[in-house]
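Structure first, then comments.
The values are calculated or read from the model by the stated rules, or taken from the named source; none is laboratory data. Owing to the predicted nature of the structure, the values given are computational and were not obtained by experimental measurement. Quick reminder, even Gly has a Cβ in these numbers, built from the backbone with ideal geometry, and neighbours come from all protein chains shown.
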Amino acid sequence: MQDKRLNNLQSGLDMLSEKDYLFYLRNSGGLGVVTDEGILNCSLFLPDKDNLQIDDAYEKMYSLLKQAFSDKISTGEIINSYCPGTYDLSINGQKFAGISQRRAGNAVAIMAYISINGNQKKRSQLMRDFYEISNFPKHQRISYPDIDLGAMENLDSLLNKPLSTAQAEQKIINVLIDNKYEINREEFFIIQNSLPYREAYNHTLTDLIKRNKTLLEEK
């Protein structure tokens, strides 16, 4: 959401379009990320948000990914990464994931952006170019990241073994099963096609489209 306040945002968006990237203003997280086939997005949707403090919600995702991939994973802001935050996940000081959360109604969604494989330096270079163009002249009140191409790495490289997004997804599911969560895809399919779900989905989608339309009109 903070990227909306960049002084020269339109030029940055034009650069993304020239490189054939689609872009949109998401409803969680503060700054931009790059997604492609090597990125896994994982979300936990939990009820009763009033009994789950903000840090506790982040810790749930951190614990899940730590169990799924490595005890070496630590949290803490990696300042020179793109979309830096307190709950960046890293191994040996190199970030591979970031966590955000969104609270609405009586629920909380905890979302992780995980770089599994692919060209992470290309992603970082794209975001560095974006901010060099968009943040000119530099914003006086908001500090946008000064991206170091070595600040982030893919999880497969950090673990030193091949890892696909499908394999990573299954590892996460296995941890959920080990922790006594029930994975019921048939019931989820029924919920997805229920009227309340479709109404909520369409409302959120309409809001997202409206927000992005406003963004383009403003710029």
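Here are the numbers for this structure:
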{"read-out": "From the options 162, 145, residue that is in contact with an Asp or Glu (Cβ under 9 Å, 6 or more places away or on another chain), within 27 Å of residue 124 (Cα to Cα) and in the same structural domain as residue 43 (by TED's automatic domain parsing)", "value": "162"}
{"read-out": "Positions within segment 22-79 being out of contact with any strand residue (DSSP E or B) (no Cβ under 9 Å at 6 or more places or on another chain), closer than 26 Å to residue 167 by Cα and surrounded by fewer than 14 Cβ atoms within 10 Å (Cβ to Cβ), in sequence order", "value": "36, 37, 63, 71"}
{"read-out": "Residue list for segment 118-131, restricted to those being surrounded by 19 or more Cβ atoms within 10 Å (Cβ to Cβ) and not hydrophobic (A, V, I, L, M, F, W, C)", "value": "120, 123, 124, 131"}
{"read-out": "Considering residues of segment 1-15 that are touching a residue at least 60 places away in the same chain (Cβ under 8 Å) and among the aliphatic types (A, V, I, L, M) only, the residue surrounded by the most Cβ atoms within 10 Å (Cβ to Cβ)", "value": "6"}
{"read-out": "Selection count where residues are among the acidic types (Asp, Glu), within 20 Å of the chain's Cα centre (by Cα) and over 26 Å from residue 119 (Cα atoms), scope segment 1-58", "value": "2"}
{"read-out": "Given (1) loosely packed, with under 14 Cβ neighbours inside 10 Å; (2) hydrophobic (A, V, I, L, M, F, W, C); (3) more than 24 Å from residue 14 (Cα to Cα), number of the condition residue 136 does not satisfy", "value": "(3)"}
{"read-out": "Inter-residue pairs, beta-carbon under 7 Å, first more than 20 Å from residue 85 (Cβ to Cβ) and in segment 99-111, second surrounded by fewer than 22 Cβ atoms within 10 Å (Cβ to Cβ) and charged (D, E, K, R), 6+ apart", "value": "106/48; 106/49; 107/49"}
{"read-out": "Residues (outside any helix (DSSP H, G or I) and surrounded by 13 or more Cβ atoms within 10 Å (Cβ to Cβ)) located in segment 166-219", "value": "219"}
{"read-out": "Inter-residue pairs, beta-carbon under 8 Å, first of a type outside the set (A, V, I, L, M, F, W, C) and in segment 169-187, second surrounded by 10 or more Cβ atoms within 10 Å (Cβ to Cβ) and not in a helix (DSSP H, G or I), 6+ apart", "value": "169/40; 169/42"}
{"read-out": "Per-region count, segment 11-27, residues part of a loop (DSSP other than H, G, I, E, B) and closer than 19 Å to residue 213 by Cβ", "value": "7"}
{"read-out": "Residue 37 of a type in the set (Asp, Glu) and without any contact (Cβ under 8 Å) to a residue 40 or more places away in the chain", "value": "no"}
